[in-house]
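Undergrad: A single structure is presented below for examination.
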Amino acid sequence: MLISEVKAGMVLARDIIDDNGNLLLEQGIALTEYYITRLTQLGITSIPIYDPYAVELKKHSVIAPEVREELTLCFRSLFNKKSQDILNSGLRTIYLKQIQQTVGQVIDNTEKNLGQIVNVQVRQPTEDEIAHAINVCLMSISTGLYIKLPRPVLMDLAMGALFHDLGKTVMPTIEGSIASDPGRLHPIYGQQLLVKNKLGTIVARIAAEHHEQYDGQGYPLGLAGKEIHPLSRIVTIANHFDNNMNMAAKTGQPRGKIIDSMLANGNALFDMYLLRAFFHTTPLYPVGTLVKLSTNQMAYVIKNKARFTATPTVQIAERGPRGYSMITGQMIDLAMKPQITIVDVIAD
């Protein structure tokens with residue numbers, strides 16, 4: 001929740017950790033005015049607040065929490081291997097085999113939920129590289145299922161999306177820190193690593209091409225149009241969207257500008273056909289999001305429609321002593337009320 005909306009008495013949903021890994025406040029603590037002021041002084045703009053109404057709305061997830069956790073643990077174990085270990089021993093480990101099995105489960109679960117994909121939890125807000133990779137993977141699978149890709153192709157898409165940034169783990173290091181990528185070569189490092197470990201040429205191409213652009217202005221090779229593999233084009237869209245959603249959470253940029261900018265760059269940065277398919281399965285405001293309307297009211301997103309993912313149905317929220325509630329709030333279909341818009345995201 002935006003810290004400007006946090007009130008004393010609200011309860012932390014997760015630990016707050018600073019950039020150095022130090023614990024600032026523990027999950028479950030009731031916030032005081034002092035804590036809120038101190039966090040604001042530290043430059044923290046949003047904090048995780050326990051919200052029973054949002055939790056209830058978000059209970060339907062595209063994959064079971066334990067499946068996401070298993071995928072996260074396996075991928076984190078693989079991603080956190082030391083660079084030299086990866087180069088010397090490769091990726092053919094129990095973690096990789098488990099990831100492949102779990103990805104199969106993820107595809108099955110996503111397919112079962114495809115009819116309501118815009119109303120179940122797919123993407124999760126994050127600044128973490130591992131969670132980002134999983135977000136890109138899940139959103140890419142949703143798009144692939146929507147355009148009816150066959151199962152073997154979906155597996156390549158999912159694995160390529162999951163490993164799209166793996167090249168960052170083997171970038172040269174300076175005194176133990178990952179070096180910058182001035183040559184923008186991490187896609188090539190990733191491609192070489194995936195080819196070496198026999199994950200398939202398509203999976204490797206996705207890693208190599210996820211920063212290429214449809215108009216040829218991307219990197220590392222400046223490929224254009226159909227020179228870029230269709231699966232790479234899907235991952236490019238999912239990667240760009242997730243990065244921009246994370247940035248908007250930090251800067252307060254209106255999310256509507258994300259979709260407007262991406263659609264305006266269809267057939268420039270992106271393949272327009274795949275971009276439209278992506279936005280038919282990926283909402284700007286997932287169910288459970290607390291938003292501020294142009295009427296100055298707060299509301300929870302309670303429903304999305306596939307072709308109108310920027311204009312959900314919301315329910316007006318009333319502020320209580322420990323947060324917001326929507327027990328008697330009016331419901332508004334924003335697609336039918338163009339004069340009412342979402343102007344800010346209070347809590348994701």
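Undergrad: Among the numbered criteria (1) acidic (Asp, Glu); (2) modelled with pLDDT of 95 or more; (3) in contact with a helix residue (DSSP H, G or I) (Cβ under 8 Å, 6 or more places away or on another chain), which one does Asp181 miss?
TA: For Asp181, the exception is condition (2).
Undergrad: Here's another thing I want to ask about it. Taking Met247, is it more than 28 Å from Glu127 (Cβ to Cβ) and open to solvent by 40 Å² or more (accessible area, probe 1.4 Å)?
TA: no
Undergrad: I've got another one for you. Anything in segment 303-319 that is modelled with pLDDT of 85 or more, assigned to a strand (DSSP E or B) and open to solvent by 40 Å² or more (accessible area, probe 1.4 Å)? List them, or say none.
TA: Of everything in segment 303-319, just one residue is modelled with pLDDT of 85 or more, assigned to a strand (DSSP E or B) and open to solvent by 40 Å² or more (accessible area, probe 1.4 Å), namely Lys303.
Undergrad: When segment 266-289 is examined, which residues are found to be hydrophobic (A, V, I, L, M, F, W, C) and part of a helix (DSSP H, G or I)?
TA: Met272, Leu274, Leu275, Ala277, Phe278, Phe279
Undergrad: Another question, then. Going through segment 201-229 one residue at a time, which ones are surrounded by fewer than 16 Cβ atoms within 10 Å (Cβ to Cβ) and either under 21 Å from the mean Cα position of the chain (by Cα) or of a type in the set (Asp, Glu) (or both)?
TA: Asp215, Glu227
Undergrad: Only one of Ile234, Ile259, Ile228 is β-branched (Val, Ile, Thr), out of contact with any strand residue (DSSP E or B) (no Cβ under 9 Å at 6 or more places or on another chain) and under 24 Å from Ile130 (Cβ atoms). Can you tell me which? Before the answer, list the steps.
TA: Details: Ile259 fails: under 24 Å from Ile130 (Cβ atoms); Ile228 fails: under 24 Å from Ile130 (Cβ atoms).
Every option except Ile234 fails the conditions.
Undergrad: For segment 199-216, name all the residues that are in contact (Cβ under 8 Å) with a residue 12 or more places away in the chain and more than 19 Å from Ala133 (Cα to Cα).
TA: Residues satisfying the conditions are Gln213, Tyr214, Asp215.
Undergrad: Right, another one. How many residues are more than 14 Å from Gly144 (Cα to Cα) and among the basic types (Lys, Arg) when one looks only at segment 261-277?
TA: Residues flagged as more than 14 Å from Gly144 (Cα to Cα) and among the basic types (Lys, Arg) within segment 261-277 amount to 0.
Undergrad: Now a separate question. Report yes if some residue within segment 284-293 is crowded, with 16+ Cβ neighbours inside 10 Å and of a type in the set (D, E, K, R); otherwise report no.
TA: Going residue by residue through segment 284-293, those that are crowded, with 16+ Cβ neighbours inside 10 Å are 284-293.
Among the residues that remain, those that are also of a type in the set (D, E, K, R) are: 292.
Checked against the condition, which is being crowded, with 16+ Cβ neighbours inside 10 Å and of a type in the set (D, E, K, R), segment 284-293 yields at least one hit.
Undergrad: Still on this structure, please answer the following. Give the residue, chosen from Lys198, Lys148, that is open to solvent by 70 Å² or more (accessible area, probe 1.4 Å), charged (D, E, K, R) and modelled with pLDDT of 85 or more.
TA: Matching residue, one of Lys198, Lys148: Lys148.
Undergrad: Are any residues in segment 14-59 surrounded by fewer than 17 Cβ atoms within 10 Å (Cβ to Cβ) and small (Gly, Ala, Ser), and if so, which ones?
TA: Gly21, Gly28, Ala30, Gly43
Undergrad: Does segment 133-145 hold any residues that are at pLDDT 95 or above and either more than 13 Å from Gln121 (Cα to Cα) or open to solvent by 10 Å² or more (accessible area, probe 1.4 Å) (or both), and which are they?
TA: Within segment 133-145, Val136, Cys137, Ser140, Ile141, Thr143, Gly144, Leu145 qualify.
Undergrad: Can you name every residue in segment 215-251 that is more than 16 Å from Met272 (Cα to Cα) and β-branched (Val, Ile, Thr)?
TA: The answer is Thr251, and nothing else.
Undergrad: Considering only residues that are farther than 30 Å from Pro312 by Cα and surrounded by fewer than 17 Cβ atoms within 10 Å (Cβ to Cβ), look in segment 96-118 and name the one that is modelled with the highest pLDDT.
TA: Once the filter is applied, the top-ranked residue is Gly104.
Undergrad: Got at least one residue in segment 77-85 being open to solvent by 30 Å² or more (accessible area, probe 1.4 Å), at pLDDT below 75 and acidic (Asp, Glu)?
TA: Checking segment 77-85: at least one residue is open to solvent by 30 Å² or more (accessible area, probe 1.4 Å), at pLDDT below 75 and acidic (Asp, Glu).
Undergrad: Name every residue in segment 290-302 that is in a loop (DSSP other than H, G, I, E, B) and of a type outside the set (S, T, N, Q), in order of residue number.
TA: none
Undergrad: Quick one: in segment 60-69, which of the residues that are touching a strand residue (DSSP E or B) at 6+ places or on another chain (Cβ under 7 Å) and not in a strand (DSSP E or B) is least open to solvent (accessible area, probe 1.4 Å)?
TA: Val62
Undergrad: Please work out which one of (1) open to solvent by less than 20 Å² (accessible area, probe 1.4 Å); (2) at positive phi is the condition Gly252 fails and give its number.
TA: Going through (1) open to solvent by less than 20 Å² (accessible area, probe 1.4 Å); (2) at positive phi one by one, Gly252 breaks only (1).
Undergrad: Given the conditions (1) under 20 Å from the mean Cα position of the chain (by Cα); (2) surrounded by fewer than 16 Cβ atoms within 10 Å (Cβ to Cβ); (3) touching a residue at least 40 places away in the same chain (Cβ under 8 Å), and given that Leu263 satisfies all but one, which numbered condition is not satisfied?
TA: The one condition Leu263 does not meet is (3).
The values are calculated or read from the model by the stated rules, or taken from the named source; none is laboratory data. Predicted model, so just to flag it, every value in this text is computed and none were measured. Don't worry about glycine lacking a Cβ; one is built from the backbone with ideal geometry, like all the others, and counts go over all protein chains shown. All accessible areas refer to the heavy atoms of the entire protein, side chains included, with ligands and DNA or RNA removed. Shrake-Rupley method; radii C 1.70, N 1.55, O 1.52, S 1.80 Å.
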